[in-house]
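For reference, the structure discussed in these notes is given below.
The values are calculated or read from the model by the stated rules, or taken from the named source; none is laboratory data. Because the structure is predicted, anything quoted here is derived from the model rather than measured. Neighbour counts run over all protein chains shown; Cβ positions are idealised from the backbone, glycine included. All accessible areas refer to the heavy atoms of the entire protein, side chains included, with ligands and DNA or RNA removed. Shrake-Rupley method; radii C 1.70, N 1.55, O 1.52, S 1.80 Å.
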Amino acid sequence: MLEKFEHGGDVYSAIRQWQVPLEALYDFSANINPLVTVPWLKHKLDAYWEQILHYPDPNYLDLLKTLSVYHGVNLDTLALGNGATSLIHGLVKVLDPKRALLIAPTFSEYEKALLHVDCTIDYVEGTVRSGLYTLEDVKAKGDGYDILFLCNPNNPTGQLIKQHELVEFIKSVAVNQYVVIDEAFIDFTPEGEANSLIPFCAQFENVIVLRSATKFYGIPGLRLGYLISSNVRVIKALVAVTPIWQINVFAAAVVMEGLKDLSFQLETRLLIAKNRKWLYDELTQLGFCVYESEVNYMLIYMDPTKWPVVKVKAYLARYHVLIRDCSNYRGLPQGMYRIAVKGQDANAHLVKAFTAMSVLLE
Ligand SMILES: Cc1ncc(COP(=O)(O)O)c(C=O)c1O
């Protein structure tokens with residue numbers, strides 16, 4: 001049984017349990033860019049080895065300047081964190097909200113951070129099974145909240161709200177209510193930055209946009225996230241509580257080099273769109289109930305009375321395949337899983353495992 005706040009990507013438990021090396025694993029439970037490989041990373045890091053012998057720049061000026069140019073925002077609107085998760089927790093501590101509104105299902109760290117500061121949480125429940133929500137439902141909850149988290153595209157559903165809809169929504173929100181838009185996966189969507197709220201941060205002081213390097217630049221093991229807000233008081237307060245040297249030299253280097261690599265960005269989006277369609281078609285043809293998505297992961301439902309969760313996991317384990325059991329997501333039923341979209345070979349292996357499983361469980 002998954003603990004309430006457990007996440008995907010726990011490869012170390014899997015290799016201990018299955019007694020296989022890391023390289024033998026097919027991890028579809030975390031949604032990481034399949035184009036990032038060890039040689040790609042080594043190439044990007046070539047010029048940075050010398051820097052490991054020194055402390056990182058305590059002001060991270062090169063990194064901040066690169067981010068500020070890439071996103072077209074002022075330097076003082078940026079704050080860095082050791083992963084977006086640490087920024088979520090830091091932000092909540094700094095803002096100390098009393099009442100919060102969350103979507104269900106969504107990324108569980110918002111709830112975890114809010115509970116740490118004894119915040120009362122209200123939820124907008126998504127539709128049955130697919131977990132989709134509308135901004136109308138969010139609006140209907142009214143204005144009595146200090147903070148609202150919107151994950152766009154949402155994890156785990158892959159639902160993307162378009163930029164113009166979000167902007168109209170923000171206009172209707174009370175100015176003293178913070179709206180945190182978590183764009184950890186937006187770079188994977190076909191339109192990429194076109195749906196980001198970053199261009200509107202200057203206009204709305206209550207909007208805070210969160211980004212993560214983990215997924216797109218394939219560095220869950222290095223850790224780097226950042227947020228953007230034109231509310232300089234919030235940025236200053238966050239920076240003040242952030243320990244010095246939070247970001248390691250390699251994490252900063254991958255992002256600085258990756259942001260320059262426009263062909264890598266484009267190639268990723270094209271590959272994800274193509275492979276997502278292939279995976280969706282294959283799994284649907286096998287008779288599985290798969291949900292459409294705009295990103296590098298999708299939900300799949302397997303009726304637990306026919307496909308018990310333990311059995312599904314055990315069958316997939318034979319193929320060293322890990323998928324994300326979503327039963328600990330508030331607002332999703334038992335039997336819902338999230339699978340990542342990976343490279344073609346890995347995707348074909350997943351389909352092979354699902355094909356064998358469908359025969360076995362018939
Ligand atoms: C929506 C969302 N935001 C943030 C994060 C955390 O990112 P990071 O690895 O930068 O802490 C995740 C990780 O799964 C996520 O799904």
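Per residue of the range 104-112, what does 6.51 cos²θ - 1.76 cosθ + 1.60 with θ = phi - 60° give for ³J(HN,Hα)? Whole Hz please, x for Gly and Pro, Karplus curve as stated.
Karplus-based 3J(HN,Hα) across the range 104-112 equals 10, x, 7, 4, 6, 5, 5, 4, 4 Hz.
Hey, can you find the accessible area per residue of the range 1-60 for me, probe 1.4 Å, expressed in square angstrom? Show your work: numbers first, answer last.
Numbers: 4150 Å² over 60 residues.
Counting only protein heavy atoms, the per-residue value for the range 1-60 is 69 Å².
Once you have all Cα-Cα distances for the chain, histogram them in 10 Å bins from zero and send the whole-percent values.
P(r) for the chain, in whole percents per bin: 5, 24, 33, 25, 11, 1.
About the Cα centre, and with charges only on the beta carbon of Lys, Arg (+1) and Asp, Glu (-1), how big is the dipole of the range 65-143? Nearest 20 debye, please.
Numbers: 8 positive and 10 negative charges, 32 e Å.
Charge dipole of the range 65-143: 160 debye, to the nearest 20.
Could you do me a favour and compute the accessible area per residue for the range 258-317, 1.4 Å probe, result in Å²?
On the way: 2930 Å² over 60 residues.
I get 49 Å² per residue for this part.
Need one word for the range 90-213: rounded, prolate or oblate. Basis is the Cα gyration tensor (sqrt eigenvalues a ≥ b ≥ c); a/c below 1.5 gives rounded, then a/b vs b/c decides.
Working: a/c = 1.34, a/b = 1.19, b/c = 1.13.
Cα axes put the range 90-213 in the rounded bin.
Through the Karplus equation 6.51 cos²θ - 1.76 cosθ + 1.60, θ set to phi - 60°, convert the phi angles of the range 260-274 into ³J(HN,Hα) values in whole Hz; use x for Gly and Pro.
7, 8, 5, 5, 4, 5, 5, 4, 4, 4, 5, 5, 4, 4, 5
When the Karplus curve 6.51 cos²θ - 1.76 cosθ + 1.60 is applied with θ = phi - 60°, which whole-Hz ³J(HN,Hα) does each residue of the range 75-88 get, with x for Gly and Pro?
For the range 75-88, the Karplus-derived couplings read 4, 7, 9, 10, 9, 9, x, 7, x, 4, 4, 5, 6, 4 Hz, x marking Gly and Pro.
Rounded to the nearest 500, what is the 222 nm mean residue ellipticity of the chain from helices alone, with -39500 (n - 2.57) per DSSP H run of 4+ residues and division by all residues?
Working: 12 runs with 137 residues, N = 362.
Rounded to the nearest 500, the figure is -11500 deg cm²/dmol.
Counting DSSP beta bridges in the chain, what percent are antiparallel, to the nearest 5?
Working: 17 of 37 bridges.
Once the DSSP bridges in the chain are tallied, antiparallel ones form about 45 percent.
For the range 54-78 and the range 272-319, what is the separation of their C-alpha centers, rounded to whole Å?
40 Å
If you place +1 on the Cβ of every Lys and Arg and -1 on the Cβ of every Asp and Glu, how big does the dipole about the Cα centre of the chain come out, in debye to the nearest 20?
Numbers: 33 positive and 39 negative charges, 107 e Å.
Charge dipole of the chain: 520 debye, to the nearest 20.
Give the peptides 303-316, 211-224 in descending order of average Cβ contacts within 10 Å, highest first.
Working: 303-316: 14.4, 211-224: 22.7.
The densest-packed peptide leads the list: 211-224, 303-316.
Carbon-plus-sulfur fraction of the accessible area of the chain, 1.4 Å probe, in percent? Don't jump to the answer; show the numbers that get you there.
Details: 9030 of 16070 Å².
Carbon and sulfur atoms account for 56 percent of the accessible area of the chain.
Excluding residues fewer than 8 places away in the same chain, name every one of the lysines whose C-alpha is closer than 22 Å to that of LYS93.
Cα-Cα hits under 22 Å: LYS4, LYS112, LYS236.
How much of the DSSP bridge set in the range 26-172 is antiparallel, in percent, rounded to the nearest 5? Display every interim value, and only then the final one.
On the way: 0 of 9 bridges.
If I count the DSSP bridges inside the range 26-172, around 0 percent turn out antiparallel.
Leaving ligands and nucleic acids out of the surface, order ASP146, ASP118 by accessible area at 1.4 Å, largest first.
Putting ASP146, ASP118 in descending order of accessible area: ASP118, ASP146.
Straight-line reach from LYS162: which lysines fall under 19 Å, measuring Cα to Cα and dropping same-chain residues less than 8 apart?
Qualifying lysines at Cα under 19 Å: LYS139, LYS171.
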